[in-house]
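The values are calculated or read from the model by the stated rules, or taken from the named source; none is laboratory data. Please read all numbers here as calculations on a predicted model, not as lab measurements. Positions of Cβ are generated from backbone atoms using ideal geometry, with glycine treated the same way; all protein chains shown enter the neighbour counts. What goes into the accessible areas is simple: the full protein's heavy atoms, side chains included, and nothing from ligands, DNA or RNA. Shrake-Rupley method; radii C 1.70, N 1.55, O 1.52, S 1.80 Å.
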Amino acid sequence: EAGVAQSPRYKIIEKRQSVAFWCNPISGHATLYWYQQILGQGPKLLIQFQNNGVVDDSQLPKDRFSAERLKGVDSTLKIQPAKLEDSAVYLCASSLGAGETQYFGPGTRLLVL
Amino acid sequence: AQSVAQPEDQVNVAEGNPLTVKCTYSVSGNPYLFWYVQYPNRGLQFLLKYITGDNLVKGSYGFEAEFNKSQTSFHLKKPSALVSDSALYFCAVRVPNSGYALNFGKGTSLLVTP
């Protein structure tokens, strides 16, 4: 069974530029999560989708971050404009349903200069 | 708020010796607890979880964890450490809101020396 796929694996941008990350969850998984992991910290939830609907985006900085899961499968996370403090690893996870075990992708490492 | 704490930034153990990585929790209601491992430049891999039932939970790669309600702990253990177990370990608790996302601890770096 294929795992969670993410791209790109690495991205370097300058502050105030925009960037987008892509995630393809495990087939059949209805729930998709985006986490931000800053160096030296545990992952922090940014947004959670159930199919194509948002369940929880309370910790998403909505002035610069946006995410969508239009067809209930793939998802994109966008940052515009990026700040230095956005440098982190962005992890995508999926689960069969809310509350089920989450399986993580390899992450996208973002460096904002 | 549902949270976990990992009191040790790093744990060092010699290969072949038993290892313990500590985690304590603070939750209202019944806790749903998880352990994940992260190898360099890779995502988190699920090791095991406690939902209910037997306090000793067995997981992947020979790891197990003991749920202790009186001490509010969920320590990760392995009887005999391998060098390849060296990685970053995260304890997490499921948040019982509408989404059931995870709150993670800050992580514990495990170093197993030959």
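With a cut-off of 12 Å between beta carbons, the residues surrounding B:Ser84 carry a summed charge of -1, where Lys and Arg count +1 and Asp and Glu -1. Buried accessible surface for the A/B chain pair comes to about 1600 Å², total over both chains, computed with a 1.4 Å probe. When the Cα centres of the stretch B:17-76 and the stretch B:79-114 are compared, how far apart do they sit, in Å? Spelled out, the Cα-based centre of one part sits 8 Å from the other.
Each Lys and Arg Cβ is given +1 and each Asp and Glu Cβ -1; about its Cα centre, the stretch A:23-79 then shows a dipole of about 80 debye. In this view, the solvent-accessible surface of A:Phe104, computed with a 1.4 Å probe and all protein chains in place, comes to about 20 Å². Among all stretches of chain A without exposed trypsin sites (Lys or Arg not before Pro) (DSSP loop, at most 14 other Cβ atoms within 10 Å), which one is longest? After excluding every exposed loop site, the longest remaining stretch is A:17-61.
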